[in-house]
Amino acid sequence: MQLIFLHGPGAVGKLTVGQALAARSGLPLFHNHLVVDAALSVFRFGSPQFVRLRHEWWLAMFDAAAEAGRSLIFTFAPEASVPESFPADAIATVERHDGRVRFVALVCDEAVREGRIEAPSRARWGKLNSLALARELRALGSSAFPPLPAEITVDTGALDPDAAAARIAEFLELPRTAA
């Protein structure tokens with residue numbers, strides 16, 4: 001079992017690349033907003049209950065998938081309300097079932113990200129879609145989360161989503177589904 005852990009800042013293309021990687025590999029995509037949105041339906045973002053449930057639910061999915069030997073793709077945007085232990089907890093959860101976490105960093109120039117932040121598709125997923133708020137959060141140090149490891153770093157400003165997914169799949173030696 002492999003947990004393909006796509007990470008990077010907002011508007012870097014995690015969901016879009018994750019969708020292309022899922023289509024290419026046949027692996028399911030567990031987009032982080034599935035849990036974020038569920039927790040937000042009851043609790044305010046960043047509240048103790050929200051933070052606890054989000055953390056527990058992410059790990060519960062990893063545990064169930066690893067126990068079943070089911071590889072998956074996960075998207076993650078590091079930010080201050082996530083416990084710093086989350087990456088280590090994810091690794092421990094997956095490795096407990098002889099699985100492996102494969103960290104993939106997605107990056108691109110700030111100007112490219114700012115050009116994407118207000119895209120209608122971001123609003124549809126309940127993502128941050130205000131350029132002013134994104135700039136305010138960046139100024140406040142919302143990127144204070146400790147750096148995450150990366151087996152491979154992909155520039156989503158230089159590659160379209162399909163090419164980025166192909167590079168990731170080839171590097172990680174993921175299977176390719178029949179077209």
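Looking at VAL36, VAL51, VAL17, VAL42, which is the one that is over 26 Å from GLU170 (Cα atoms), hydrophobic (A, V, I, L, M, F, W, C) and under 13 Å from the mean Cα position of the chain (by Cα)?
Numbers: VAL51 fails: under 13 Å from the mean Cα position of the chain (by Cα); VAL17 fails: over 26 Å from GLU170 (Cα atoms); VAL42 fails: under 13 Å from the mean Cα position of the chain (by Cα).
Step by step, each of VAL36, VAL51, VAL17, VAL42 is checked, and only VAL36 is over 26 Å from GLU170 (Cα atoms), hydrophobic (A, V, I, L, M, F, W, C) and under 13 Å from the mean Cα position of the chain (by Cα).
Criterion first (in contact with a Leu (Cβ under 6 Å, 6 or more places away or on another chain), in a helix (DSSP H, G or I) and farther than 26 Å from VAL112 by Cβ) does VAL94 satisfy it? Give the derivation first.
On the way: in contact with a Leu (Cβ under 6 Å, 6 or more places away or on another chain): yes; in a helix (DSSP H, G or I): yes; farther than 26 Å from VAL112 by Cβ: yes.
Judged against the criteria, VAL94 is a match.
When you go through LEU27, LEU21 one by one, which is the residue that is outside any helix (DSSP H, G or I) and surrounded by 14 or more Cβ atoms within 10 Å (Cβ to Cβ)? Give the steps one after another, and end with the answer.
On the way: LEU21 fails: outside any helix (DSSP H, G or I).
Residue meeting the stated conditions: LEU27.
Test of understanding: among PRO83, PRO87, which residue is under 12 Å from the mean Cα position of the chain (by Cα) and more than 16 Å from HIS31 (Cβ to Cβ)? Quick ask: steps written out before the conclusion?
Numbers: PRO83 fails: under 12 Å from the mean Cα position of the chain (by Cα).
The match here is PRO87.
Of the residues in segment 50-79, how many are in contact (Cβ under 8 Å) with a residue 40 or more places away in the chain and under 20 Å from ALA150 (Cβ atoms)?
10
Tell me yes or no: at least one residue of segment 90-100 is under 15 Å from the mean Cα position of the chain (by Cα), surrounded by 15 or more Cβ atoms within 10 Å (Cβ to Cβ) and not polar (S, T, N, Q).
Looking only at segment 90-100, we keep the residues that are under 15 Å from the mean Cα position of the chain (by Cα), and these are 90-91.
Of the ones still in play, those that are also surrounded by 15 or more Cβ atoms within 10 Å (Cβ to Cβ) are 90-91.
Narrowing the set further to residues that are not polar (S, T, N, Q) leaves 90-91.
Yes, that holds for at least one residue.
Which ones in segment 164-179 are modelled with pLDDT under 90 and basic (Lys, Arg)? So that I can check it myself, show each step before the final result.
Narrowing segment 164-179 to residues modelled with pLDDT under 90: 175-179.
Residue satisfying the conditions is ARG176 alone.
Go through LEU59, LEU34, LEU15 for me and flag whichever is surrounded by fewer than 18 Cβ atoms within 10 Å (Cβ to Cβ), at pLDDT below 95 and assigned to a helix (DSSP H, G or I). Lay out the reasoning, then the answer.
Numbers: LEU59 fails: at pLDDT below 95; LEU15 fails: surrounded by fewer than 18 Cβ atoms within 10 Å (Cβ to Cβ).
Just a single option satisfies the conditions, and that option is LEU34.
Give me a count of the residues in segment 105-163 that are among the small types (Gly, Ala, Ser), within 21 Å of GLU84 (Cα to Cα) and either touching a Cys at 6+ places or on another chain (Cβ under 9 Å) or at pLDDT 75 or above (or both). Steps first, please.
Residues of segment 105-163 that are among the small types (Gly, Ala, Ser), as a first pass: 105, 111, 115, 119, 121, 123, 126, 130, 132, 134, 139, 141-144, 150, 157-158, 163.
Keeping just the survivors that are within 21 Å of GLU84 (Cα to Cα) gives 105, 139, 141-144, 150.
Applying the additional criterion that residues be either touching a Cys at 6+ places or on another chain (Cβ under 9 Å) or at pLDDT 75 or above (or both) yields 105, 150.
Selection size over segment 105-163: 2.
Pairs please, first residue from segment 146-165 and more than 12 Å from LEU6 (Cα to Cα), second anywhere and among the acidic types (Asp, Glu) and loosely packed, with under 15 Cβ neighbours inside 10 Å, Cβ atoms under 8 Å, 6+ apart in sequence or on different chains.
What qualifies is PRO146/GLU84; GLY157/ASP109.
Name the single residue, out of those in segment 32-49 being among the small types (Gly, Ala, Ser) and touching a residue at least 12 places away in the same chain (Cβ under 8 Å), that is nearest to THR16 (Cα to Cα). So that I can check it myself, show each step before the final result.
Taking segment 32-49 first, the residues among the small types (Gly, Ala, Ser) are 38-39, 41, 46-47.
Cutting the leftovers down to touching a residue at least 12 places away in the same chain (Cβ under 8 Å) gives us 38-39, 46.
On the way: ALA38: 21, ALA39: 22, GLY46: 25 Å.
Within segment 32-49, the match that is nearest to THR16 (Cα to Cα) is ALA38.
The values are calculated or read from the model by the stated rules, or taken from the named source; none is laboratory data. As the structure is a prediction and not an experimental result, all values here were calculated from the model. Cβ sites come from the backbone with ideal geometry, for glycine too, and all protein chains shown count toward neighbours.
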